[in-house]
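Structure, as structure tokens:
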Amino acid sequence: MCVTSKLKDPLLDRLFEAVLCLEESDECYRFFEDICTVAELKSLAQRLEVAKMLEANRTYGEIAEKTGASTATISRVKRALNYGADGYKLVLDRLNR
């Protein structure tokens, strides 16, 4: 798939290259602890869990209760699942293997 994202630029390319060179969870923890705030990391993890639960057809109420995500966040993730670049689906499929 060719990337035609409006986000594509050399700085993001370099960031993604950096992420792709990480080899194990410990390295991920070290890098992301340095590059993100705790709140940013928890937000990213929460969104991935929301996506997983939406794919499992959980209700907004169940998702909000388990993850603490707002309905606005759940809606944004659902919109990305339905109309986004299929990044969530790609990752979720690979994690389920």
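Structure notes:
- If the condition is being open to solvent by 30 Å² or more (accessible area, probe 1.4 Å) and within 27 Å of Lys6 (Cα to Cα), then the range 54-67 contributes only Glu55.
- Residues satisfying the stated conditions in the range 18-27, i.e. within 17 Å of Gly87 (Cβ to Cβ) and open to solvent by 60 Å² or more (accessible area, probe 1.4 Å): Leu20
- All positions within the range 31-53 that are among the charged types (D, E, K, R), surrounded by 12 or more Cβ atoms within 10 Å (Cβ to Cβ) and out of contact with any Leu (no Cβ under 7 Å at 6 or more places or on another chain): Lys42, Arg47, Glu49
- Residues located in the range 68-93, provided they are open to solvent by less than 80 Å² (accessible area, probe 1.4 Å), without any contact (Cβ under 8 Å) to a residue 24 or more places away in the chain and part of a helix (DSSP H, G or I): Ala72, Ser75, Gly87
The values are calculated or read from the model by the stated rules, or taken from the named source; none is laboratory data. Quantities reported herein were computed from a predicted structural model and do not represent experimental measurements. Quick reminder, even Gly has a Cβ in these numbers, built from the backbone with ideal geometry, and neighbours come from all protein chains shown. For the accessible areas, the whole protein counts, side chains as well, though only heavy atoms, and no ligand, DNA or RNA atoms are used. Shrake-Rupley method; radii C 1.70, N 1.55, O 1.52, S 1.80 Å.
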